[in-house]
Amino acid sequence: MSQPLFEKVAFIGLGLIGSSLARVIRAEHLANDIVASTRSQKTLEDAKSLGLISEGYADPVEAVKGADLVVLALPVRATQKVLEAIKPYLSANTIITDVGSTKGNVVDAAKAVFGDALPEGFVPGHPIAGAEHTGVHAGKVDLFANHKVILTPLPSSAGWAVDKLIQLWQAAKAEVICMDVDKHDEVLAHTSHLPHLMAFNLVEQLAKREDNLDIFRYAAGGFRDFSRIAASDPQMWHDIFFANKKAVLNAVDGFEQQLAIIRKLIEDEDSHALMGLLGHAQAARQHFNHMLAKKPFMEKNKVTQQFTIQPGAKKFQGKFTVPGDKSVSHRSIMFGAIAEGATHVTGFLEGEDALATLQAFRDMGVSIEGPKNGEVTIHGVGMQGLKAPQSAIYMGNSGTSMRLLSGMLAAQKFDSVMTGDASLSKRPMERIAKPLREMGAQIQTTGERGTPPVSITGNQNLKGIQYDLPMASAQVKSGILLAGLWAEGETSVTEPEPTRDHTERMLRAFGYEVKTEGNRISLQGGGKLVGTNIQVPSDISSAAFFMVGAAITENSDVTLEAVGINPTRTGVIEILKQMGADIIVENERIAGGEPIADIRIRGTRTLKGIHMPEDQVPLAIDEFPALFIAAACAEGQTILTGAAELRVKESDRIQVMADGLQTMGIDCTPTEDGIIIEGKGKSGDWSPIFTGGEIESHHDHRIAMSFSIAGLRNSEQIKIVGTETVATSFPTFTELTSIAGLPIQVSE
């Protein structure tokens with residue numbers, strides 16, 4: 001930074017937080033001068049010897065003279081007294097901020113001193129960072145790195161003051177969030193003040209026991225971790241509890257109510273309810289952590305994860321079980337939740353998309369055990385048993401979840417809102433909203449393109465409709481049929497061509513009659529589902545990457561076990577066979593109503609370019625990115641038509657794949673509804689097909705995995721950015737490719 005952000009910074013108080021911020025300002029050269037005021041002469045002397053300040057004062061008035069930034073780093077209850085003392089010596093351009101854990105009392109103190117005409121430069125703040133030790137020597141220059149700092153600008157706060165403070169805290173490598181004062185105090189009462197109060201209380205409770213020595217001697221790690229914060233400064237927390245009295249007491253009331261519920265469940269030995277509560281809490285913590293990591297403000301980070309694949313000859317061999325089918329996993333949770341009785345699921349895909357569906361139903365009051373090693377038990381609440389979620393339902397990256405749930409939620413008694421990550425928030429939802437409105441639903445999408453968030457008004461009486469799908473879509477078909485479960489009369493959907501029929505098959509497995517007559521699927525509303533056992537087959541969409549990898553690699557030999565070969569999903573097998581792949585489907589059987597088989601692929605001959613048959617497009621819609629890699633390795637031209645839906649997936653898969661293929665030396669031409677790829681393969685020649693380069697996956701999991709498979713035939717390094725979404729459908733992808741012979745380096 002050529003010019004320092006501040007001329008002179010004055011700290012009033014110089015404990016852990018103040019001295020850490022002073023270290024940042026020194027290290028980053030953010031001010032020409034730093035001074036401090038504190039009651040402890042030794043603290044000032046130590047701060048000078050550490051090089052943190054140039055001068056120290058007992059009187060805060062001396063410190064703030066000429067300062068353009070004043071940082072109040074003192075007990076929150078001392079704020080008013082200090083502000084009264086320094087008020088005459090503050091200029092119009094002085095920024096005043098604080099680091100206290102409560103904000104309402106700081107604002108009240110400022111109003112008591114300045115009246116309603118608060119200074120433009122007054123911007124309360126709260127860095128959410130700390131350590132067990134306190135004092136000037138405990139400060140660390142990286143204390144705030146990767147932590148949040150909350151600023152609570154007031155209507156009187158000037159934009160320039162807020163901007164400068166944001167720059168200051170960003171220089172400390174903190175994540176800056178702006179929040180309303182009252183909201184801050186409410187949130188912090190629950191997330192910080194209540195846990196500290198509980199820790200103090202627990203230690204005090206145990207210390208009063210006669211056997212306290214044994215209690216503390218044999219305490220396990222959980223007690224140590226939880227009680228650590230009871231070592232915090234008692235004076236500081238005494239002040240915080242009083243300063244934020246109202247919000248803290250509300251938090252205590254809520255905790256006591258929840259504790260009473262758990263106490264009753266234990267007293268009654270209600271195993272089912274207790275397991276549901278504990279499982280919901282565990283999953284909620286994981287889900288919300290992930291949800292926050294995907295907030296739109298994180299998009300400023302260009303790359304959150306990337307794959308790197310080095311050139312060189314590679315083998316591709318082995319016997320593998322890829323993760324469970326995502327489509328079946330979604331539906332097993334949805335249908336199990338509204339069934340009567342328990343549903344036990346094995347082979348459940350523990351990827352982020354399916355987990356988002358699972359969390360959504362937990363948020364609607366369904367008790368779910370697991371997942372653990374692919375096993376999930378759902379305790380169904382029946383057709384009328386779902387409850388209103390406390391807040392918006394977060395669907396992550398899952399378009400399937402959002403479209404199918406739109407149909408279910410349209411029939412509920414309560415209002416609901418569904419949101420998603422940045423990618424899902426760009427995907428069209430009007431295609432499901434339109435037919436649901438024809439059934440009587442009140443559903444609203446966002447903006448001209450009809451994207452999420454999706455808002456649904458509850459308590460509507462739905463009527464069955466006959467709907468002709470304008471474009472083949474299993475998600476839209478399923479959303480309409482699910483709404484039809486609650487609708488009056490018959491609901492039918494006619495498809496222009498067959499799409500995956502997992503919904504129909506699974507509804508029948510749950511005892512609900514569904515008729516399929518050609519391309520017309522229908523059901524009567526008002527029935528019920530009965531809990532059952534569901535075995536989720538391995539996902540053919542995930543298996544497709546290994547099929548293509550084996551098909552393009554010399555002397556490869558890969559067997560994929562128990563893969564779902566639902567006839568509405570086998571387009572990838574048919575297309576690879578037409579291209580000449582050495583592929584065998586064997587050991588066919590039925591599991592949970594779905595056909596499964598083992599699939600063996602060997603790299604024995606060069607693929608041939610073909611015009612991919614349009615009747616296979618709906619049966620391979622998710623596998624085309626991988627098939628484009630196969631086409632690039634084929635001999636001759638490959639043409640795809642009739643696949644316009646690829647342009648409205650997690651990304652525009654036609655354009656994104658074309659861009660990546662061209663980057664890696666493949667001649668291809670995207671069209672409105674497909675692509676033309678000039679294959680570089682030659683019969684009997686297994687030399688590299690792709691050059692290399694940096695590929696932008698647009699955070700689309702199938703794009704990322706497809707270009708990873710290109711790493712089996714590359715002459716230069718391939719780098720694929722934005723690959724974190726691979727975990728949505730194939731969390732073990734890089735692990736299995738490495739075992740097969742394709743090492744992928746993963747980096748943040």
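The values are calculated or read from the model by the stated rules, or taken from the named source; none is laboratory data. Please read these numbers as outputs of a predicted model, since none were measured by experiment. Backbone-built Cβ (ideal geometry, glycine too); neighbour counts: all protein chains shown. Only protein heavy atoms, including side chains, enter the accessible area calculation; ligands, DNA and RNA are left aside. Shrake-Rupley method; radii C 1.70, N 1.55, O 1.52, S 1.80 Å.
Which one is nearest to the chain's Cα centre (by Cα) among residues in the stretch 595-616 that are of a type outside the set (G, A, S) and open to solvent by less than 10 Å² (accessible area, probe 1.4 Å)?
Selected residue: I596.
Please pick out the residue among A704, A727 that is out of contact with any Ser or Thr (no Cβ under 9 Å at 6 or more places or on another chain) and open to solvent by less than 40 Å² (accessible area, probe 1.4 Å).
Checking each option against the conditions leaves just A727.
Mind checking which residues of the stretch 75-100 are acidic (D, E) and open to solvent by 20 Å² or more (accessible area, probe 1.4 Å)?
Correct list: E84 only.
Exactly one of (1) open to solvent by 20 Å² or more (accessible area, probe 1.4 Å); (2) touching a residue at least 60 places away in the same chain (Cβ under 8 Å); (3) not in a loop (DSSP other than H, G, I, E, B) is unmet by K111. Its number?
(2)
Looking at the stretch 285-297, is at least one residue open to solvent by less than 90 Å² (accessible area, probe 1.4 Å), polar (S, T, N, Q), at pLDDT below 90 and within 30 Å of V721 (Cα to Cα)? Even if it seems obvious, please write down each step before you answer.
Applying the first criterion (open to solvent by less than 90 Å² (accessible area, probe 1.4 Å)) to the stretch 285-297 yields 287-291, 293-296.
With polar (S, T, N, Q) added as a condition, the list becomes 289.
Of the ones still in play, those that are also at pLDDT below 90 are 289.
After this cut, where a residue has to be within 30 Å of V721 (Cα to Cα) as well, the list is 289.
Taking every residue of the stretch 285-297 in turn, at least one turns out to be open to solvent by less than 90 Å² (accessible area, probe 1.4 Å), polar (S, T, N, Q), at pLDDT below 90 and within 30 Å of V721 (Cα to Cα).
Quick check on my filter: what residues within the stretch 389-411 are in contact with a strand residue (DSSP E or B) (Cβ under 9 Å, 6 or more places away or on another chain) and open to solvent by 10 Å² or more (accessible area, probe 1.4 Å)?
Once the filter is applied, which keeps residues that are in contact with a strand residue (DSSP E or B) (Cβ under 9 Å, 6 or more places away or on another chain) and open to solvent by 10 Å² or more (accessible area, probe 1.4 Å), the stretch 389-411 yields P389, S391, A392, Y394.
Inside the stretch 642-658, can you point out the residues that are modelled with pLDDT of 95 or more and open to solvent by 60 Å² or more (accessible area, probe 1.4 Å)?
Of everything in the stretch 642-658, just one residue is modelled with pLDDT of 95 or more and open to solvent by 60 Å² or more (accessible area, probe 1.4 Å), namely Q655.
Which of the strands (runs of 3 or more DSSP E) found entirely inside the stretch 316-374 contain at least 3 residues meeting this: closer than 30 Å to R713 by Cα, within 21 Å of the chain's Cα centre (by Cα) and at pLDDT 95 or above?
Working: elements: 317-320, 340-346, 367-372.
Filter on the stretch 316-374 gives an empty set.
Among the residues of the stretch 659-667, are any touching a residue at least 60 places away in the same chain (Cβ under 8 Å) and buried (at least 16 other Cβ atoms within 10 Å of the Cβ)?
No, because not a single residue in the stretch 659-667 is touching a residue at least 60 places away in the same chain (Cβ under 8 Å) and buried (at least 16 other Cβ atoms within 10 Å of the Cβ).
Sort out which residues of the stretch 230-242 are in contact with a Gly (Cβ under 9 Å, 6 or more places away or on another chain), open to solvent by 30 Å² or more (accessible area, probe 1.4 Å) and in a helix (DSSP H, G or I), and write them in order of number.
Listed by number, the list holds a single entry, M236.
I need every pair where a residue in the stretch 314-337 that is over 13 Å from G351 (Cα atoms) has its Cβ under 6 Å from the Cβ of a residue that is surrounded by fewer than 24 Cβ atoms within 10 Å (Cβ to Cβ) and acidic (D, E), sequence separation at least 6 or different chains.
That search, which allows pairs on different chains as well, returns Q317/D557; T321/E561.
Hey, can you tell me all the residues within the stretch 668-685 that are surrounded by fewer than 16 Cβ atoms within 10 Å (Cβ to Cβ) and touching a residue at least 12 places away in the same chain (Cβ under 8 Å)?
Result: T671, E672, K682, S683, G684, D685.
Go through (1) part of a loop (DSSP other than H, G, I, E, B); (2) in contact with a Gly (Cβ under 8 Å, 6 or more places away or on another chain); (3) not hydrophobic (A, V, I, L, M, F, W, C) one by one and return the number of the condition T638 breaks.
Of (1) part of a loop (DSSP other than H, G, I, E, B); (2) in contact with a Gly (Cβ under 8 Å, 6 or more places away or on another chain); (3) not hydrophobic (A, V, I, L, M, F, W, C), only one is false for T638: (1).
Given the structure, is H147 more than 17 Å from L188 (Cβ to Cβ) and open to solvent by 30 Å² or more (accessible area, probe 1.4 Å)?
Considered against the rule, which asks whether it is more than 17 Å from L188 (Cβ to Cβ) and open to solvent by 30 Å² or more (accessible area, probe 1.4 Å), H147 comes out as no.
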